Amino acid sequence: MVCKRCNEEVEEGVVYCPNCGLELHYIQEYNEVDEELDKNMLDLTNDVVSEQSDLRYDNDDEEWQEYHLERRLTLKEKKIRAIAKIIGLSFLIVILISGTVIYFVYQNRSNSFDVQLKKASEYAAADNFSKAVVCYENAINVAKDKKEKAKAAKYLGMLYADNSDTKNAVYYLEMTIDNKCLDRDVIETIVKLYELQGNSDSIKKLARVASSDETNSLFEKYLLNQPIFNYKSGTYNEYLSVEITTEDNETIYYTLDDTAATKDSNVYEGPIEVKDGTTVIHAISVNENNLVSEEIVTTYVVQSAGSMKPVITPESGEYTDFTKISIDDISANCKIFYTLDGTEPNENSIEYTESFDMPVGNHVLKAVSINTETKVASEVVSKVYNLDISSKYDTSRAGQLVMTALEERKEVLNTSGTMADGSSCVLQFDEAVTIDTQNYYIMHRYNSIMGQLFDANIFYAVDVTSGNVFLANKKKDGIYNLDVF
């Protein structure tokens, strides 16, 4: 590197020219943070160099004299200047920080809840509606708790109400109520606004949360009592005649299809007959002001004795032909039990599963229907039958006649039914039928092998009057073709 003052070559890294003592400057990386310190250090270094140069050069060197004049400030003066700069910069920073703090304190104070509420009140008193609204909204936004929020919302809602803005008034008064402010002024005002809107449902909802000794009078004409039913929801074992009333003779509307009742539903005019099964009734009442009560819903499950009563066919009477007896039950979840000897039937009696033959002679048939879930029993139904078919034979004698015919045909060894292979023939009565106006007993043949019965699928018909035996070809139950046996 070459010294700019004396043009002597200087080795790289030397700070001062060894010939003239001039400080040598190198291009270094720029550092904003160290810039000020570097500058101060440079000034101090120049002072030192200047003092050294004063000893090495005489005053006749014009260039040195000019340089010396530029650097004539003493080291002490340089230090004082640096300190003054630092103090001035610190003072400026303190002023800026203080100003910022003061600004934010002022801003916070001017935007506080109390200040905004006070400004809003002043603007409202001066009929400056728009500025009052802005300040009330600011107060709501900076409120610290529900109490402050409710207070500001109340004043703003009242302001809108005074200016006939029903929609906004309702919005802010509902905000007041949501934040647990339920004073009478708020309730009274919002009830009047709901009236203007025709919103009776909101009034009833409000009554549920805001009704008190102080405000009850505000809701009297809106709080309709629900209709009153003479039967509570439940399960019954009898038909019901359901009556619906109201305390002040309001109009009652109801449905029976499990849908909500409205003013377009059926008008109640008299008792509703509830019979077997499940019935759901919805009902409301409507007063002269067209206000609607809360809906009431009742559910009735009826499993009545009357509906459970069995139906027996045929009717009581004298019969000369074999006849089937049927017992029907129109109720669900029920079983039928019967007796043929006149005794009262119960769950231990014969269970009815299908139609059966009317027995010959005089018999009293009694039947009862019993609900399998509730165990409620119906009324016992009775029928009296006298079956006289002018028969010389009963079913037992008919079996003996068939066995005698089988012995004559060598199909059995004796009337006990013993057969040559060691098995036995067993006859069972199946049913009594009428074929071409003549009555017959149908006897069903089984083969017994080592005490076990096997169906031979052979049928015999015995004329109950003559005792003649025929081979019966079964077409279906009750219908046969007869062949000579």
Would you point out which residue out of V426, V433 is over 20 Å from R409 (Cβ atoms), among the aliphatic types (A, V, I, L, M) and not in a loop (DSSP other than H, G, I, E, B)? V433
Can you tell me which condition V360 does not meet? The list is (1) in contact with a helix residue (DSSP H, G or I) (Cβ under 9 Å, 6 or more places away or on another chain); (2) on the phi > 0 side of the Ramachandran plot, and all the others hold. (2)
Residue by residue through the range 125-141, note down the ones that are part of a helix (DSSP H, G or I) and either over 38 Å from the mean Cα position of the chain (by Cα) or not assigned by TED's automatic domain parsing to the domain that holds V191 (or both). A125, F129, S130, K131, A132, V133, V134, C135, Y136, N138, A139
Limited to the range 172-204, what total is found for residues that are farther than 16 Å from L218 by Cα and surrounded by fewer than 15 Cβ atoms within 10 Å (Cβ to Cβ)? 3
Only listed residue being farther than 29 Å from S349 by Cβ and crowded, with 19+ Cβ neighbours inside 10 Å, chosen from L471, L387, L427, L406: L406
Looking at (1) in a strand (DSSP E or B); (2) farther than 30 Å from T251 by Cα; (3) among the polar types (S, T, N, Q), which is the one condition that is false for N346? (1)
Among the residues of the range 436-444, are any part of a loop (DSSP other than H, G, I, E, B), within 30 Å of D341 (Cα to Cα) and not aromatic (F, W, Y)? yes
Out of T298, T278, T259, T235, sole residue that is within 32 Å of the chain's Cα centre (by Cα), farther than 30 Å from D388 by Cβ and not in a strand (DSSP E or B): T259
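Rundown of residues vs (1) of a type in the set (S, T, N, Q); (2) touching a strand residue (DSSP E or B) at 6+ places or on another chain (Cβ under 6 Å); (3) part of a loop (DSSP other than H, G, I, E, B), yes/no style:
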site: L182; (1), (2), (3): no, no, yes
site: I190; (1), (2), (3): no, no, no
site: K205; (1), (2), (3): no, no, no
site: V209; (1), (2), (3): no, no, no
site: L218; (1), (2), (3): no, no, no
site: L223; (1), (2), (3): no, no, yes
site: Q226; (1), (2), (3): yes, yes, yes
Limited to the range 210-249, what total is found for residues that are out of contact with any helix residue (DSSP H, G or I) (no Cβ under 7 Å at 6 or more places or on another chain), of a type in the set (A, V, I, L, M, F, W, C) and under 30 Å from V191 (Cα atoms)? 2
Consider T320 carefully, then state whether it is of a type in the set (S, T, N, Q), at pLDDT 85 or above and either surrounded by fewer than 17 Cβ atoms within 10 Å (Cβ to Cβ) or within 30 Å of E247 (Cβ to Cβ) (or both). no
Let me confirm something: among I272, I244, I284, I228, which residue is touching a residue at least 12 places away in the same chain (Cβ under 8 Å), within 29 Å of the chain's Cα centre (by Cα) and surrounded by 15 or more Cβ atoms within 10 Å (Cβ to Cβ)? I284
Does E431 satisfy being of a type in the set (D, E), assigned by TED's automatic domain parsing to the domain that holds G317 and closer than 30 Å to E315 by Cβ? no
Of V381, V464, V412, V376, the only residue that is touching a helix residue (DSSP H, G or I) at 6+ places or on another chain (Cβ under 6 Å), buried (at least 18 other Cβ atoms within 10 Å of the Cβ) and either in contact (Cβ under 8 Å) with a residue 24 or more places away in the chain or not assigned by TED's automatic domain parsing to the domain that holds T339 (or both) is V412
Could you say which residue among S293, S265 is more than 30 Å from P345 (Cβ to Cβ), touching a residue at least 60 places away in the same chain (Cβ under 8 Å) and under 28 Å from the mean Cα position of the chain (by Cα)? S293
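The values are calculated or read from the model by the stated rules, or taken from the named source; none is laboratory data. In this text, all values refer to a predicted model and were calculated from it rather than measured experimentally. Counting neighbours? That spans all protein chains shown, and the Cβs are built from the backbone with ideal geometry, glycine included.
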